[in-house]
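The values are calculated or read from the model by the stated rules, or taken from the named source; none is laboratory data. Note that this is a predicted model, so its numbers are computed, not measured. No Cβ is skipped: glycine too gets one built from the backbone with ideal geometry, and neighbour counts run over all protein chains shown.
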Amino acid sequence: MPYEYRRKDGPPTKVYLLGERGAGLKNRSGRIQDFDQLKKECLASGNLFGDPEFPCTADSVWGPKDHKFPIEWMRPPEICRHPKLFVEGASRFDVVQGSVGNCWMVASAANLTLHDELFYRVVPEDQGFGSDYAGIFHFRIWKANRWIDVVVDDRHST
C-alpha cells in the first residue's frame with residue numbers, strides 16, 4: 001500500500017514501494033521493498049542490509065563483459081571512521097562522475113541540491129550512520145508519473 005509524502009505547501013503525494021502493485025516497477029526478488037520493515041529486521045537480527053537487487057559483483061558495475069579491474073566492496077564505516085551522508089548540507093559540487101558513464105545521474109543529483117524541498121523528497125532525512133545504522137538507505141525516484149521508494153544497501157565498489 002502506498003504511503004504519503006507530506007509537502008510543506010499543498011496536498012500529500014502518494015509514494016509507492018518498489019515491487020508493490022501500482023508502483024509500475026518490479027524487482028528481481030519479487031519482495032516489496034519496505035524501508036521501515038527491512039530496517040527493523042536488520043536492527044533486530046544485528047545484520048547489515050544487503051541489497052538483493054544489486055549484488056556485489058563486477059557484473060553489477062561493468063556488465064557481463066569487459067571487467068576493467070578487480071573490485072572490492074566496502075561499506076562507509078570500513079572506508080572512514082565517522083561516515084556521514086551529508087556534511088553541512090548538500091552542494092552540487094559534492095557530486096562527481098566516475099568512470100561508469102553515469103553523467104545523467106550525476107547531473108540530476110547535482111541539480112537536486114539547488115532545491116531543498118525536492119532534494120529531501122528524493123533523499124529522505126530518516127537515514128544515516130547514527131545509532132540505528134543498519135546499512136540500508138532509500139531514495140525516491142519519479143518514474144511513470146509516480147514517486148517510487150527504492151531501497152539500497154550502502155556497499156560501494158572501491
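Mind listing whichever residues of region 44-63 are closer than 15 Å to Ile136 by Cα and either in a loop (DSSP other than H, G, I, E, B) or within 18 Å of the chain's Cα centre (by Cα) (or both)?
Gly46, Asn47, Leu48, Phe49, Gly50, Asp51, Pro52, Glu53, Phe54, Pro55, Cys56
Residue-level check: of (1) surrounded by 14 or more Cβ atoms within 10 Å (Cβ to Cβ); (2) in a loop (DSSP other than H, G, I, E, B); (3) at pLDDT below 80; (4) of a type outside the set (S, T, N, Q), Ala109 misses just (2).
Do we have any residue at all in region 116-132 that's surrounded by fewer than 14 Cβ atoms within 10 Å (Cβ to Cβ), more than 25 Å from Leu18 (Cα to Cα) and at pLDDT below 90? The answer is no, given that none of the residues of region 116-132 is surrounded by fewer than 14 Cβ atoms within 10 Å (Cβ to Cβ), more than 25 Å from Leu18 (Cα to Cα) and at pLDDT below 90. Residue pairs whose Cβ atoms lie under 9 Å apart, sitting 6 or more positions apart in sequence or on different chains, and linking a residue in region 62-78 that is touching a residue at least 40 places away in the same chain (Cβ under 8 Å) to a partner that is part of a loop (DSSP other than H, G, I, E, B) and of a type in the set (Ser, Thr, Tyr), are Ile71/Thr57; Ile71/Thr158; Glu72/Thr158; Trp73/Thr57; Trp73/Thr158; Met74/Thr158; Pro77/Tyr133.
Within region 112-122, restricting attention to residues that are without any contact (Cβ under 8 Å) to a residue 24 or more places away in the chain and out of contact with any helix residue (DSSP H, G or I) (no Cβ under 7 Å at 6 or more places or on another chain), the residue that is nearest to Gly50 (Cα to Cα) is Tyr120. Those residues that are among the aromatic types (Phe, Trp, Tyr) and either modelled with pLDDT of 90 or more or out of contact with any strand residue (DSSP E or B) (no Cβ under 7 Å at 6 or more places or on another chain) (or both), I need them from region 5-50; list them, please. Tyr16, Phe35, Phe49 - these are the residues of region 5-50 that are among the aromatic types (Phe, Trp, Tyr) and either modelled with pLDDT of 90 or more or out of contact with any strand residue (DSSP E or B) (no Cβ under 7 Å at 6 or more places or on another chain) (or both).
Somewhere in region 59-74, is a residue closer than 20 Å to Gly135 by Cβ, touching an Asp or Glu at 6+ places or on another chain (Cβ under 9 Å) and at pLDDT 85 or above? The answer is no, given that none of the residues of region 59-74 is closer than 20 Å to Gly135 by Cβ, touching an Asp or Glu at 6+ places or on another chain (Cβ under 9 Å) and at pLDDT 85 or above.
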